[in-house]
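Enquirer: Please see the structure below; I have some questions.
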Amino acid sequence: MAKVLEIKGMSAVIHKLAICGKVMEGRVARGLHQAGLFVQRESQKICPIDKGPLRGGASKRNVGGTGIKTDIVVAYHEEYAIYVHENMNAAHNTGTTAKYLERIVRERRKEIMDIIKKTP
């Protein structure tokens, strides 16, 4: 004789999983926003000091998406930002450097991921 397995409450389980998914999406989105602020703040610290408007022109914004599809961009908006960022031959004051944005993302990746993971 065949044994029959009956599972009660599956709709409740599915509903709770959907709620958990929405909660996680919100946490990821908040974490990405916090990580973007971290990247902006830390890159401003090593952005060349002699270019005051450059440092002040940094921003973080969501360019599209919500939840786990949130797309955060940290940018420097002065027209010359790309030249300062890419010119590895320029002399900068102590503590500042070219690749100021890229360097933070590359060197502080673990901290960035921790911010995203730990954001409530």
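We did not get these values from a lab; they are worked out from the coordinates using the rules stated. Since the structure is predicted, the reported quantities are computational estimates derived from the model, not experimental observations. Note that each Cβ is placed from the backbone with ideal geometry, even for glycine, and that neighbours are counted across all protein chains shown.
Enquirer: With r defined as the distance between the Cβ atoms of N89 and K45 and R0 fixed at 35 Å, what FRET efficiency is calculated, to the nearest 0.05?
Expert: 0.95
Enquirer: Run lengths n ≥ 4 of DSSP H only: what is the helix-derived mean residue ellipticity at 222 nm for the chain, with -39500 (n - 2.57) per run over all residues, to the nearest 500?
Expert: -17500 deg cm²/dmol
Enquirer: E102: net charge of surrounding residues, Cβ under 15 Å, Lys/Arg +1, Asp/Glu -1, itself excluded?
Expert: +3
Enquirer: State the extension gain, in nm to one decimal, for the chain segment bounded by V4 and E78, taking 0.36 nm per residue of separation less the distance between their alpha-carbons.
Expert: Going from the current span to full extension adds 19.7 nm.
Enquirer: What size of dipole, in debye to the nearest 20, comes out for segment 60-114 about its Cα centre when the only charges are +1 on Lys and Arg C-beta atoms and -1 on Asp and Glu C-beta atoms?
Expert: Dipole size: approximately 240 debye.
Enquirer: In debye, nearest 20: dipole of the chain around its Cα centre with unit charges on the Cβ of K, R (+) and D, E (-)?
Expert: 620
Enquirer: Next up: What is the distance, in nm, between label points placed 7 Å from the Cα along the Cα-to-Cβ direction at R106 and at S59?
Expert: 2.7
Enquirer: Counting just the Cα atoms, what span does the chain cover along each of its three principal axes? Round to the nearest Å and put the largest first.
Expert: 83, 23, 21
Enquirer: If I require 15 Å or longer along the helix axis, counting alpha carbons, and a Kyte-Doolittle average no lower than -0.5, what helices from the chain are left? Use full DSSP H segments.
Expert: Those that pass (Cα extent of 15 Å or more, hydropathy at least -0.5) are 10-46.
Enquirer: Place +1 on the Cβ of every Lys and Arg and -1 on the Cβ of every Asp and Glu in segment 52-108, take the dipole about the Cα centre, and give the residue among G64, G95, A81 whose Cα lies farthest towards its positive end.
Expert: Farthest along the dipole direction, towards plus: G64.
Enquirer: Another one. Assuming R0 = 25 Å, can you tell me the calculated FRET efficiency for the pair K118 and I14, based on Cβ-Cβ distance, to the nearest 0.05?
Expert: My answer for the efficiency is 0.30.
Enquirer: Would you mind calculating the relative contact order of the chain from Cα pairs under 8 angstrom and at least 6 residues apart, reporting the percent as a whole number?
Expert: For the chain, the relative contact order is 32 percent.
Enquirer: For segment 59-70, just list the computed ³J(HN,Hα) in residue order, Karplus coefficients 6.51, -1.76 and 1.60, θ = phi - 60°, integers in Hz, with x standing in for Gly and Pro.
Expert: Rounded to whole hertz, the list is 8, 10, 8, 8, 9, x, x, 9, x, 6, 9, 4.
Enquirer: May I pose another question? Amide H of I49: which non-local residues (sequence gap of 5 or more, or other chain) have their own amide H closer than 5 Å, using H built in the peptide plane?
Expert: N93
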